[in-house]
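This report refers to the structure that appears directly beneath it.
Each reported figure results from applying straightforward, stated rules to the coordinates on display, with no laboratory input. As the structure is a prediction and not an experimental result, all values here were calculated from the model. Please note: Cβ atoms are built from the backbone with ideal geometry, for glycine as well, and neighbour counts cover all protein chains shown.
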Amino acid sequence: MIIARVIGSAVSTAKCERLRARKLLIVQEATARNELVDKAPFVAVDAAGAGEGELVLVSLGSGGRYTELTDQAPVDAAIVGILDSLEIGGANTFEKH
Amino acid sequence: MIIARVIGSAVSTAKCERLRARKLLIVQEATARNELVDKAPFVAVDAAGAGEGELVLVSLGSGGRYTELTDQAPVDAAIVGILDSLEIGGANTFEKH
Amino acid sequence: MIIARVIGSAVSTAKCERLRARKLLIVQEATARNELVDKAPFVAVDAAGAGEGELVLVSLGSGGRYTELTDQAPVDAAIVGILDSLEIGGANTFEKH
Amino acid sequence: MIIARVIGSAVSTAKCERLRARKLLIVQEATARNELVDKAPFVAVDAAGAGEGELVLVSLGSGGRYTELTDQAPVDAAIVGILDSLEIGGANTFEKH
Amino acid sequence: MIIARVIGSAVSTAKCERLRARKLLIVQEATARNELVDKAPFVAVDAAGAGEGELVLVSLGSGGRYTELTDQAPVDAAIVGILDSLEIGGANTFEKH
């Protein structure tokens, strides 16, 4: 799963039926120090109750469909966890406030 | 799902049976501000009734086959929603006209 | 599906049983103007009767296995259509001769 | 499977049910000489009993779900083996201590 | 399938059960002229009886699991064929010795 920060949200009315009532969040890949990586943001279905600004785990590809909210939906990315902390080499590089 | 702009369309007569009668649109990845990203455009099956110029959500890989129009088809990309608006940090970065 | 040009062919005698008698073509990603993109060429199973020089649609990943010729085969890329024409912004960028 | 080094760990309380009690490790792609590759680290579920500093095999995408610990979980990366040694051209490029 | 050269081998004792007794080879993507591409080598399960130095076809992602040796295994890359020759524009760019 990639580490990503929730930076916004998307609204889409005309969409596939199985995406109805799903929260669509804009996420951007981030480092373990919560710095944004220089890649285009993309949209993930929220399956973990995430909010803007939070650092999350995004499961890409078919992995994003193994949640109750995304099962059988035309989804290639889902937020599957909210990160509390990250540790590298014994030191905390990220801690949720 | 990536954010992409519909920039054109493709015509293919000799194609796999399960692609028959599908609308093939040319899309290019875009930022949340509707700026095209410098990547080669590609072809996605339209499962959302999209038109040229619209900003859409494209589901890549197996995710693109979870729509009525692409089920069991040899497809790796489908347009699964038309974007109405995108918001980052409380400000609209895109709004459909 | 990516837009790609058929640039050659591959011969492999010692291969997995389910690849037997399949036409293996070398393809390289191309723009909508039929210009080759600077990426390494790769091999796709031909499921559309394509020939060298043609611009084709290549379905990547699991999508490449949803054809009669590639079903259940260890394949991650198949040619699923031959392009007749591509249009961007109302103008033809490619037309098959 | 990519070659990767375990560089840390992640803690996530609010996560999808099927990720519960899974060890989430931070990994970064590495060369066959155990040098880190300049790509953003990411999170993989540990299915091989790996520890920080070890060089491991990470199976990406759906491949990461074919372990007892990740079956049916919203996972796109799993550590599936701990590397003992790597050999290129008859010479050891890595050996576990 | 990508064109790749077998450049070495990997040994992993502590690994997932379904990887047991599988030959793990280190491969690196190559051009149709058998020149290595500047990308990190990775590990593929050998399903074609390949040896070091050979140019092979590697099926990535779920495609790598459609062989007898990799079925249901946590694998994202398998060698599915040994290349005899490659031809581009009517000229041989590679021929096995």
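Some notes on this structure:
- Within 10 Å of the Cβ of each residue in E:63-71, the mean number of Cβ atoms contributed by other protein chains is 6.
- Derived scalar couplings ³J(HN,Hα) [the stretch E:69-79; Karplus, 6.51 cos²θ - 1.76 cosθ + 1.60; whole Hz; x for Gly, Pro]: 7, 10, 3, 6, 9, x, 10, 10, 7, 9, 7
- Summing charges over neighbours of D:Leu86, with a neighbour being any other residue whose Cβ is under 10 Å away from its Cβ, gives -1 when K and R count +1 and D and E count -1.
- Options E:Ala32, E:Met1, E:Ser62, ranked by Cα towards positive dipole end of chain E, top entry (Cβ charges): E:Ser62
- Cβ-vector label at 7 Å, C:Arg33, separations to other copies in nm: 2.5, 2.5, 4.1, 4.1
- Ascending count of other beta-carbon atoms within 10 Å, so fewest first, for E:Ile88, B:Ile79, A:Ile3: E:Ile88, A:Ile3, B:Ile79
- Test item: Cα-centred dipole of the protein assembly as shown, Lys/Arg +1 and Asp/Glu -1 on Cβ, debye: 680
- Computed about the Cα centre, the dipole magnitude for the stretch A:2-84 is approximately 240 debye when only Lys and Arg (+1) and Asp and Glu (-1) carry charge, each at its Cβ.
- Using a 7 Å Cα-to-Cβ projection, D:Asp84 label spacings across copies, nm, ascending: 3.7, 3.7, 6.0, 6.0
- Sequence-distant lysines (8 or more away, or on other chains) whose Cα lies within less than 29 Å of E:Lys96: C:Lys15, C:Lys23, C:Lys39, E:Lys23, E:Lys39
- GNM flexibility winner over chain D from D:Ser59, D:Ser12, D:Ser85 (Cα, springs under 10 Å): D:Ser12
- Gaussian network model of chain B, Cα within-10 Å springs - most flexible of B:Ala50, B:Ala32, B:Ala40: B:Ala40
- Between A:Glu52, A:Glu68, A:Glu35, the Gaussian network model of chain A with springs among Cα atoms under 10 angstrom shows the greatest mean-square fluctuation at A:Glu68.
- Per-residue average of Cβ from other chains inside 10 Å of D:83-94: 5
- Gyration tensor (alpha-carbon) shape descriptor, the stretch A:2-84, a/c threshold 1.5: prolate
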